[in-house]
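Data first, discussion second: the structure below is written as structure tokens.
The values are calculated or read from the model by the stated rules, or taken from the named source; none is laboratory data. For clarity, every value in this text was computed on a predicted model and none was experimentally measured. Cβ atoms come from the backbone with ideal geometry, glycine included; neighbour counts cover every protein chain shown. Side chains included, ligands, DNA and RNA excluded: accessible areas come from the protein's heavy atoms. Shrake-Rupley method; radii C 1.70, N 1.55, O 1.52, S 1.80 Å.
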Amino acid sequence: MIRPVMEEPATGFQSMGLSRGMLKALAAARYHEPSPIQAEFIPAALDGLDVLGQAKTGTGKTAAFGIPLIEMLEARGRGPQAIILAPTRELTQQIVVELKKLCANRGDVAVCGLYGGEPIERQIRALSRGIDIAVGTPGRVLDHIERHTLYLGDIFHLVLDEADRMLDIGFRPDIERIMKRLPEPHQTLLLSATISPEIRALSHRYMQDPVELNLSTDEPSVESIRQYYVSVNHDRKVSLLVHLLKRDQPRQCIVFTRTKRGADRLAERLRRTIPGVAAIHGDLAQTARDRVMSGFRKGTIPILVATDVVGRGIDVANISHVVNYDIPDDPENYVHRIGRTGRMGKDGVAYLFVGPDQGDPLTQIETLINKVIPAHKVEGFEVSRPSAAAPGSRELFNTVVTRSFR
Ligand code: AMP
């Protein structure tokens, strides 16, 4: 008997010519449709082209480069075939987790994270057993190259993730030293939230006719974040935060402070009234950071108090709230901070605490994001207002801030 062929229409991932194992892994991860960056990035990367992609975290960028890398792997040689450089340990670990998820049906693929803050011996042992994909911070990767524990002769793909941040942190010399040692030809995939002249210079120098994809303009994640500022006197910030956390009951929340000491102190004070609070910052030992991050990922620690450097790379899909407890020093950091919520189109709320003397930094942030952040008034936390304010100006307690923003 001839059975009728029930062909399912090829949608998203199916139409990309991916292996069965990969399609099964994507289904298991509940990635039903490619995100906009994945829809464009994956076919270009699978074609073997160099790709320069402008994309922020939260858009599915890790799988955008991870899927083609895994699909293009060949039989293992002496060293890894792909190397991914990322700015921080946390991001490196997140990439490893994501790649392992995508390799779920490929028992033969070994992925190894190479970052500082943990004994190098464990990494050396993993490298000597043989790996396919190395994911690391530039400093530690160089360290391995210099110790001859990482063989680069088989590399065919290089990924620079969050390239703008790597340059900000000062990794440029390390990155170039690594790039100069890679065998030719190899494919380079560069992802960056912004394409600055420096990034462009790097791509001119090290990439072959890259396909340029700008996928951050209509990024849905930032649009799905409701942003508010809350005026508050400095001495009432802790009580305001406790009030908001109790009222909003966030699924998960990151609270940003300006300093490491500030993060510790705030976490300490919150813990007195709210369960599941931890602090994370650069002074914490790696094992403690791992423990906190794993608790946050699992949801056993729903509230994380973080500094910018560590906090802004965190990718946990369930974050519903971001609180800018201290106004960021650099307005750019505001964008990175609030981008921790509203991941993959989920909704998110971002509060910005603004003290009586902080009208200027608020206006700078609004100018940068080209949007007026509405005030959110919280009963019981009002601050005294000036009796009269000029039209078109912003009243902030005893200061009147004229908008430089249009
Ligand atoms: P990223 O931009 O790589 O940091 O990814 C943001 C989040 O989206 C991560 O939690 C991913 O696991 C998730 N993700 C990536 N691709 C998809 C997809 N196609 N569908 C649903 N979730 C996804």
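Remarks
- Residue-averaged [θ]222 nm for the chain, counting only DSSP H segments that reach four residues, each worth -39500 (n - 2.57): -11000 deg cm²/dmol
- Gaussian network model of the chain, springs between alpha carbon atoms under 10 Å - residue of G66, G380, G313 with greatest fluctuation: G380
- Among D283, D132, D330, the sequence by solvent-accessible area, most first, with a 1.4 Å probe is D283, D330, D132.
- Long-range HN-HN contacts of A350 with modeled amide H, under 5 Å: R226, Q227, Y228, V322
- Of the residues Y325, S239, V378, the one whose Cα sits farthest towards the positive end of the charge dipole of the chain is S239 (charges of +1 on Lys and Arg Cβ, -1 on Asp and Glu Cβ, taken about the Cα centre).
- Antiparallel content of DSSP bridges confined to the chain, in %, to 5: 10 percent
- Efficiency of FRET between D47 and Y151 - r from beta-carbon atoms, R0 25 angstrom, step 0.05: 0.40
- Model label zone, Q286; criterion: amide N under 11 Å from point 7 Å along Cα-to-beta-carbon; scope segment 134-154: 137, 140-141
- Note: the chain, Cα convex hull, 171 Å³ per residue.
- Cα-based Rg and Dmax for segment 150-209, where Dmax is the largest Cα-Cα distance (Å): 11.3, 32
- Rolling a 1.4 Å probe over the protein heavy atoms gives the chain an accessible area of 46 Å² per residue.
- Estimated inter-spin distance, K24 and K100, nm [label 7 Å along Cα→Cβ]: 2.0 nm
- Each of E268 and E212 was given a label point 7 Å from its Cα along the Cα-to-Cβ line. The distance between the two points is 5.1 nm.
- Dimensionless Rg over Rh [segment 79-120; C-alpha; Kirkwood]: 0.97
- Each label point was placed 7 Å from the Cα along the Cα-to-Cβ direction; for T300 and R236 their separation is 3.8 nm.
- Sulfur and carbon atoms: percent of accessible area, the chain [1.4 Å]: 50 percent
- Helix 359-369 axis, angle to the chain major axis (alpha carbon atoms, nearest 10°): 30 degrees
- Pairs of Cα atoms farther than 20 Å apart, segment 1-111, %: 44 percent
- Cα long-axis angle, helix 197-206 against the chain (0 to 90 degrees, to the nearest 10): 10 degrees
- Most mobile of N370, N318, N233 in a GNM of the chain (Cα contacts under 10 Å): N370
- Residues of type aspartates and glutamates that K180 reaches as a straight line, Cα spacing below 17 Å, ignoring anything fewer than 8 places off in the same chain: D50, D143, E146, D154
- Cα-based helix-to-principal-axis angle, 286-298 vs the chain, degrees rounded to 10: 80 degrees
- Legend: translational diffusion of segment 266-317 by Stokes-Einstein, Rh = Kirkwood radius over C-alpha pairs, 10 °C, 1.306 mPa s; D = 142 µm²/s.
- Rounded to whole Å, sorted largest first: equivalent-ellipsoid semi-axes of segment 247-348, Cα gyration tensor: 18, 16, 14
- Rounded to 0.05, the FRET efficiency of the I120 and R76 pair, given R0 = 30 Å and the Cβ-Cβ distance, is 0.85.
- Spherically averaged projected area in nm², based on the convex hull that wraps the Cα atoms of segment 117-260: 13.2 nm²
- Largest GNM mean-square fluctuation among A201, A350, A306, using the chain with Cα springs under 10 Å: A201.
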